[in-house]
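Read through the structure below, which is laid out as structure tokens, and then see the notes.
The values are calculated or read from the model by the stated rules, or taken from the named source; none is laboratory data. Predicted model, so just to flag it, every value in this text is computed and none were measured. So basically every Cβ, Gly included, is an ideal-geometry build from the backbone, and we count neighbours across all protein chains shown.
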Amino acid sequence: MTSQGLATQGVTSWLHILCSFGFFACVAFILMPIMQRKQFKKIYSEQKSLHEEVEVKFDEQHIGWSSKSGHFKLKWEDIMKYKENNEIILIYESRNLMRPLLKGYFQDQERLETFLRRLKERKDKCGRNQPHC
């Protein structure tokens, strides 16, 4: 076999490897949110304190919530980021520590909207990549 033939064969092999890697990366990218959702559902079903009635309070300095299991208070400035969907708000204190708040915990839609507005203001004030400000 000529050196040109060997070079072409090597390029072809690398091309197959890159295509295979790309395919598996796409599959993982698609499956990851599905797997995370299943994990969140499992955690919710296991953690009985998440099923208790919760009262959410907030003011200019803090967010607080309480239930039969206990009380928690968090400073607005300690929030790194938040995520939400139709049912839940995840409040992140760090990259790996988040606190879930079900939207049903809020007394009414107006309080929920006020709370979400404060979270958004906090995010806008701090910027996307500043963990604490």
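Couple of notes before you dig in:
- Residue check, Tyr105 surrounded by 11 or more Cβ atoms within 10 Å (Cβ to Cβ) and within 12 Å of the chain's Cα centre (by Cα): no
- Residue that is surrounded by the fewest Cβ atoms within 10 Å (Cβ to Cβ) [pool: residues in region 36-69 that are free of Cβ contacts under 8 Å to residues at least 12 places away in the same chain and among the small types (Gly, Ala, Ser)]: Ser45
- The single condition among (1) farther than 26 Å from Leu90 by Cα; (2) at pLDDT 75 or above that His16 does not satisfy is (2).
- Taking the listed residues Arg95, Arg117, the one that is loosely packed, with under 15 Cβ neighbours inside 10 Å and modelled with pLDDT of 90 or more is Arg117, with no other qualifying.
- Filter pass, Lys73 being surrounded by fewer than 14 Cβ atoms within 10 Å (Cβ to Cβ), farther than 16 Å from Lys103 by Cβ and at pLDDT 90 or above: yes
- Selection within region 100-114 - over 23 Å from Phe40 (Cα atoms) and modelled with pLDDT of 85 or more: Asp108, Gln109, Glu110, Arg111, Glu113, Thr114
- In region 78-99, the residue that is nearest to Tyr44 (Cα to Cα) out of those that are in contact with a helix residue (DSSP H, G or I) (Cβ under 8 Å, 6 or more places away or on another chain) and acidic (Asp, Glu) is Glu87.
- Hey, Val56 aliphatic (A, V, I, L, M), farther than 16 Å from Lys120 by Cα and not in a helix (DSSP H, G or I) or not: yes
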